Each structure stands twice: as structure tokens, then as C-alpha cells.
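Input: a single structure, listed below in C-alpha cells.
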Amino acid sequence: PPLPRMPAHPSLAYRVLVSGVRFVLRIFFREIAVEGREHIPTDRGGLLVAWHPNGLIDPALILAHFPGRLVFGARDGLFRWPVIGWIMKQVGTVPIYRASDQKTMSEDERDRANKQSLAALAGEIAQGSFSALFPEGQSHDQPYLSELKSGAARLYYQARASAEATPVIIPVGLHYDRKDVFRSDVLIVFHDPMTLPADLDIEPNPQEDDTAARARTHRLTDEIERTLGQVVHSTEDWQLHALMHRARTLLRAEAAERADEDLAPESITERQLGFAQIWHGYQVRHASHPEEIASLRHDLTRYHRLLRALGLEDADLDRDPHLSRPLSVTLLVLRAFLIYVLLPPVLLLGYVINGPVHLLIRWLAKRYSGAIKDTATVKILTGFVLYPLTWTLWGLGAALVHAQLHTAFPTLPDTPFLTGLVVVMLGFLSGVLVLNYAQLAAATGRALRVRLTRQKRKDQIADLCAKRSALHDRFLALREGLALPDEVTDLSPSAGT
């Protein structure tokens, strides 16, 4: 059947669902930073293109933080998911039919369905709306792009053929700190609209030969792939990706030590800017100084492995190792006693109510996540259902045994409903406290381990400090004359060279 046209402005259902998605994401992620909203024009429509490293979390983040209404295209198989399928229909998502999802449709039927879907999306863009696509076609766990499909380029030219104002193509960077970990960070970057080469920045000609039109579509797909590679700082493998981050943290830690300053906490925006600068410089110098880069990479890899073997980070090399000082020992012992002895009994209610469902969600994520890219999706979907359900069941149970509870705890309300409501709220609040306690306990344990390691491994620590200093100077020497990006929204013009 014909696909319905979306209303010109977000409907109440759309706004409510987007607010709900934003609320859930804010619970899962500790920090969600958004940059570049000013790059989105208000006088025309366009197409957002992004890579796809984190399953349904990727479109959810863009949907929740785009300043306006979005029309998504998604593979048809997702519409059969419980809850998710209904939500996608409510926000006007258009189905895209893939061969792997369609066992009963013939190739001609699937082709007609896809043409209808693209026509619906193109019509929205031509009318001034924005659509979001993931041209890779599927999510993945690699630090580089999968081969892009041509759908985004075809959609752009189809929309441009009937639009009064030329649509734009805006690349979107999605940068996750640890995409599968609860309370991690994510950065969303809306970059400047793509500037197309002259041979691609043309109006479609209905009389054009099909071969020429397909060739132009493939060239635009290549241009989108090149630009997205710049936006996401696509690296060839995870080892090189880790080394770029190691270089970033090394330079920050050594600079702070030489300036005799405390190393300030880094936001995810600052982390990604530092990574972009390192990656930009690495690519340029890899072309101009291949031998120096090969030697530097070898020594950086050795330094990186030594740090990981000790369980340390660059900044840990500069922390006070003197556990023999009475005050230092006393404060450390008191902190550990408070965290590991006094607080756990206080949080017993939180463990009893939330502990089993937490373990269940972890098991479900491990059992039903085919890859890391699906872990956050499974955790969010199951947690969003199971936690409120658990609190509600505890509240109902409390209401049923209200008389006994009120006798044991006279401060509880004297009606079953209010008692149940109080228990529901206690379940939520105790869960928040347990979560914060878990983060505090992990930080305390790490602080203790770092200081013990520094005390026991003084010679190795001194050697690593010397290596860090030497690597820092070699990086600065290679940096001379480079123009590095100043903002996280900057695209590196030399990426891929």
C-alpha cells in the first residue's frame, strides 16, 4: 500500500516517543555530548549519513538529539521486533527491504518495494524534511567502515530532482567511549554539509543514460564513504586505534607533569578532539616520514604493553607512591573500610531488589547479543522493561503484606497502596545508590591497586616515565609544521592519504 506522508511538524506521539527515547538514553549513558547543531540548515531538507557501530542505539541517539523531525529508513526486519517495531511505525520510519530479510518476496517485488520506500523518503526531503540513513546497511564492531550501499546516493538525487532548494548531505559522527558499558560516554557530531565535486553537484537529468546515472551514483557513494571515514576517524584495526588513544593520553599526562599541574578530567568531546589530532598527524607523517613513524609506532606499542601489563594508565605514573606516610596510609585504610565494610549493609535493600534483575540482564545481554554492537541495545531494552517490572512486583508484594510490614516498620504508610508506592520508590532510589556505590567501589579499588603497584614496581615506573618523556618529545618533533583540527566538528582534509 502507498506509504503515508509524514506531517509537516512533529506530532504529539512523535514528541512523546522522542522524549521517552531521550530519557532512556540519559539513564544508560553518563554523558551525551552533542556538537554541530548549527550546521543543520533550516531553509531546506537533507540527508544525514552516519556509520553504524552500535545497533539500534545509533538511530536512537540521532533521533533524540536532532533539532527537528526526522524520517528514518530502516530494514524491514526490524518492524517485526516487539515494541521496537511499533515505535518505529509511530515515528514514521520507512521500511527498506533487504534480500536477507525477505524470503517470500521475489526480486522484482523487493525492488518495487524499495523504490516505493525511497520515493517516500525522497518526497519528505524534497519538502524540506530530514532523513537519516546508515549507508553501511548493517551494524558492526570494526573501527572502520563496512562497504557502503548506494541507497543514500540514489535517495539524494531522487530528492534533489523535485526539491525547490537543493538538499544537503550532513555526515554524522557517533563516537562511543565504551559502547557496551552502562554509564559510559558518547559524542554526537553533526558536521558541515558535504561540498560535492562539480561532476556530482548537478541536477539529475531524466533523459540521462542509465549507465551514466549509475556511475554518478557510485561516485557519490564513494565520496560519502571517504567523508564518513574522515568523520569517524576510521582506522585499519583495533590495535592501531588503541595506539592513537595511547598517544593522546601520553601527551596529556607528560605535558601536565612538566607543567607541575594536576591532570584535569577529560570530557568525551576533548578525548575525540585529541584522537582526531593524533590520527590526522599520523596519516600525514606516515606519508612524509614513514621510517620515523614506523619506529615511533614500535616503541609506542612496547610502552603501551608495559603499561597494560601493570594495569596502569599514563597519569598513574605520576601519583604519590609513598604508602609509608602515616596520614596517607590512614586515609587509604579509612576509605577502603567505609566503601567495603560500612556501606554494603546500608545498601542491602538495593542489592536484594535490584541484584537479581541486574544479573538477569547481564545474562540476557551475553546470551542474545550476537556481537558487542548489540550489547547496549539488549541491555537498554531489557532493563527498560525488567527494572520497572521488578519494582512494581515488589510494591505489589508489599501491599499484600501491608499489615505485617506496618507492624514491623511503623513509619510506613498505613494504607496498602501507599506502602506499595513507597516500596516502588525505594526500589528505584536504592538502585541508583547501588549504581553509584559500584562506581565508587571500583574507583577506590583502582586507587589502592595503583598505589600498591607504584610502591612495589619503582624501577619499572621510573623506566616507564623515561619512555613516556622520550616518546612525548618525538611526537612534538613530528608535529612541527602540521595544521591540526581545532574543533571536533572539523573534518581532516588529508584523511585517507
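Looking across segment 340-363, the residues that are touching a helix residue (DSSP H, G or I) at 6+ places or on another chain (Cβ under 6 Å) and under 16 Å from LEU389 (Cα atoms) come down to GLY350, ILE353, ASN354, VAL357, ILE361. Of all residues in segment 127-149, those satisfying the criterion of being touching a Pro at 6+ places or on another chain (Cβ under 8 Å), open to solvent by less than 30 Å² (accessible area, probe 1.4 Å) and either more than 21 Å from ALA64 (Cβ to Cβ) or without any contact (Cβ under 8 Å) to a residue 40 or more places away in the chain (or both) are HIS140, LEU148. There is no residue in segment 151-171 that is outside any helix (DSSP H, G or I), within 30 Å of LEU435 (Cα to Cα) and either open to solvent by 20 Å² or more (accessible area, probe 1.4 Å) or in contact with an Asp or Glu (Cβ under 8 Å, 6 or more places away or on another chain) (or both).
Answer yes or no as to whether GLY431 is assigned to a helix (DSSP H, G or I), among the small types (Gly, Ala, Ser) and either open to solvent by 50 Å² or more (accessible area, probe 1.4 Å) or in contact with a helix residue (DSSP H, G or I) (Cβ under 6 Å, 6 or more places away or on another chain) (or both).
On the way: assigned to a helix (DSSP H, G or I): yes; among the small types (Gly, Ala, Ser): yes; either open to solvent by 50 Å² or more (accessible area, probe 1.4 Å) or in contact with a helix residue (DSSP H, G or I) (Cβ under 6 Å, 6 or more places away or on another chain) (or both): yes.
Yes: the conditions hold for GLY431.
Report whether or not VAL91 is touching a strand residue (DSSP E or B) at 6+ places or on another chain (Cβ under 6 Å) and open to solvent by less than 20 Å² (accessible area, probe 1.4 Å). Spelling it out, it is not the case that VAL91 is touching a strand residue (DSSP E or B) at 6+ places or on another chain (Cβ under 6 Å) and open to solvent by less than 20 Å² (accessible area, probe 1.4 Å).
Residue by residue, here is whether (1) at pLDDT 90 or above; (2) not aliphatic (A, V, I, L, M) holds:
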site	(1), (2)
VAL378	yes, no
THR382	yes, yes
PRO388	yes, yes
LEU400	no, no
LEU405	no, no
GLY420	no, yes
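Say we look at segment 190-237 and pick out the residues that are under 15 Å from PHE134 (Cα atoms) and outside any helix (DSSP H, G or I); which of these is modelled with the highest pLDDT? Checking each candidate, the answer is PHE190.
Checking each residue in segment 392-428 for being exposed (fewer than 12 other Cβ atoms within 10 Å of the Cβ), hydroxyl-bearing (Ser, Thr, Tyr) and either touching a residue at least 60 places away in the same chain (Cβ under 8 Å) or outside any helix (DSSP H, G or I) (or both) picks out only THR411.
The lone criterion from (1) touching a Leu at 6+ places or on another chain (Cβ under 8 Å); (2) open to solvent by less than 40 Å² (accessible area, probe 1.4 Å) left unmet by GLY383 is number (1). Checking VAL333, VAL341 one by one, the residue that is assigned to a helix (DSSP H, G or I) and either surrounded by 12 or more Cβ atoms within 10 Å (Cβ to Cβ) or modelled with pLDDT under 90 (or both) is VAL333 and no other. Every condition in (1) in contact (Cβ under 8 Å) with a residue 60 or more places away in the chain; (2) under 20 Å from ASP374 (Cβ atoms) is met by VAL49 except one, and the failing one is (2). Confirm whether LEU310 is open to solvent by 80 Å² or more (accessible area, probe 1.4 Å), of a type in the set (A, V, I, L, M) and closer than 30 Å to ASP180 by Cβ. In short, no. Is segment 54-69 home to any residue that is among the charged types (D, E, K, R), closer than 23 Å to ASP374 by Cα, touching a residue at least 60 places away in the same chain (Cβ under 8 Å) and open to solvent by less than 10 Å² (accessible area, probe 1.4 Å)? Yes, because at least one residue in segment 54-69 is among the charged types (D, E, K, R), closer than 23 Å to ASP374 by Cα, touching a residue at least 60 places away in the same chain (Cβ under 8 Å) and open to solvent by less than 10 Å² (accessible area, probe 1.4 Å).
Look at segment 207-229: where a residue is open to solvent by less than 60 Å² (accessible area, probe 1.4 Å) and a partner is of a type in the set (Val, Ile, Thr) and modelled with pLDDT of 95 or more, sitting 6+ places away or on another chain with Cβ atoms under 8 Å, you get ILE224/VAL49; ILE224/ILE169; LEU228/VAL49.
Has segment 464-482 got at least one residue that is in contact (Cβ under 8 Å) with a residue 24 or more places away in the chain, open to solvent by less than 50 Å² (accessible area, probe 1.4 Å), part of a loop (DSSP other than H, G, I, E, B) and out of contact with any Asp or Glu (no Cβ under 8 Å at 6 or more places or on another chain)? Yes, there is a match, as at least one residue in segment 464-482 is in contact (Cβ under 8 Å) with a residue 24 or more places away in the chain, open to solvent by less than 50 Å² (accessible area, probe 1.4 Å), part of a loop (DSSP other than H, G, I, E, B) and out of contact with any Asp or Glu (no Cβ under 8 Å at 6 or more places or on another chain).
Only one of the listed residues (TYR282, TYR303) is more than 30 Å from ASP58 (Cα to Cα), surrounded by 18 or more Cβ atoms within 10 Å (Cβ to Cβ) and of a type in the set (Phe, Trp, Tyr). That residue is TYR303.
The values are calculated or read from the model by the stated rules, or taken from the named source; none is laboratory data. What you see is a predicted model; the values in this text were computed from it and never measured. When we count neighbours, we look across all protein chains shown, and the Cβ atoms used for this are built from the backbone with ideal geometry, even at glycine. The area values use the complete protein model at the heavy-atom level, side chains included, leaving out ligands, DNA and RNA. Shrake-Rupley method; radii C 1.70, N 1.55, O 1.52, S 1.80 Å.
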